[in-house]
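Down below is the structure, laid out as structure tokens.
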Amino acid sequence: MKIEYSHASKYGNGAMVAEEFKRQMDAKGVTVNVHHVRELKPKQLAPADLYLFSSPGRMGKPIGRMHRFLKKLSLPVGTKYAILTTELAPRPDKKTGRVPSDEEMAKWQRVIPIMNEVLQGKGLVKVDEDKVLVTRVKGPLQDGWQDKVEAFVARLHS
């Protein structure tokens, strides 16, 4: 299996996740090529069995560089893809101390749905999706993030 991993890491969190993903897949004998989207031309991606896209969330959406990259992407209909984002962990309300529910978060945190909409609109087929949380905008990644990547790897490799 060969995976092309394209990320748009801004503060290095997504790059750390990509390298951990690569390390874990390498241990399973899977070839993973990791690239920042600024190094790639969206109409000339290398052939692969699976394309993995990763973007940090900004204001509940994928950052502009990744969104533009996905819109220009040219892959054959039926190509398999997965998404692994880095998003800000929910914080308790300052007045009530209550942490927003997943349903409440989904109303304003739309990174994955937006990416899926663009990719599926091009006829690509989603294999899996997940997110790794960061504690602040610039990081660090939330404790246990490697376990989250490991679970994602296990689902893709099964």
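None of the figures in this text is laboratory data; all of them are computed from the coordinates on show. Since this is a predicted model, take the numbers as computed values, not measurements. So basically every Cβ, Gly included, is an ideal-geometry build from the backbone, and we count neighbours across all protein chains shown.
Which shape class, rounded, prolate or oblate, goes with region 84-140 when its Cα gyration tensor gives a ≥ b ≥ c as root eigenvalues, a/c under 1.5 marks rounded, and past that a/b bigger than b/c marks prolate?
prolate
What percent does the relative contact order of the chain come to when contacts are Cα pairs within less than 8 Å and at least six residues apart?
Numbers: 269 pairs, mean separation 40.3, N = 158.
The value is 26 percent.
What whole number of Å gives the distance from the Cα centroid of region 1-41 to the Cα centroid of region 129-158?
13 Å
Between Lys43 and Glu19, what FRET efficiency comes out of the Förster formula 1/(1 + (r/R0)^6) with R0 = 25 Å and r the beta carbon distance, rounded to 0.05?
Working: r = 26 Å, r/R0 = 1.04.
Given R0 = 25 Å and the Cβ-Cβ separation, E is 0.45.
Please sort 132-140, 34-42 by packing, taking for each peptide the average over its residues of neighbouring beta carbons within 10 angstrom, highest first.
Averaged packing, sorted descending, gives the order 132-140, 34-42.
Under 18 Å Cα to Cα from Lys43, which lysines show up? Leave out anything in the same chain fewer than 8 places away.
Lys71, Lys72, Lys80, Lys122
For the chain, with a Gaussian network of springs between Cα atoms less than 10 Å apart, report the residue from Lys71, Lys95, Lys148 with the top mean-square fluctuation.
Among Lys71, Lys95, Lys148, the largest mean-square fluctuation in the Gaussian network model of the chain belongs to Lys95.
What share of the DSSP beta bridges in the chain is antiparallel, in percent to the nearest 5?
Rounded to the nearest five, the antiparallel share is 10 percent.
Between the helical axis of 111-121 and the dominant principal axis of the chain, each derived from Cα atoms, what acute angle in degrees is found, rounded to the nearest 10?
30 degrees
Which value, in debye to the nearest 20, gives the size of the charge dipole of the chain about its Cα centre, when Lys and Arg are +1 and Asp and Glu are -1 at the Cβ?
Magnitude of the dipole: close to 780 debye.
Highest mean first, how do 81-93, 18-30, 97-109 rank when packing is the count of other Cβ atoms within 10 Å averaged over residues?
Order by mean packing, descending: 81-93, 18-30, 97-109.
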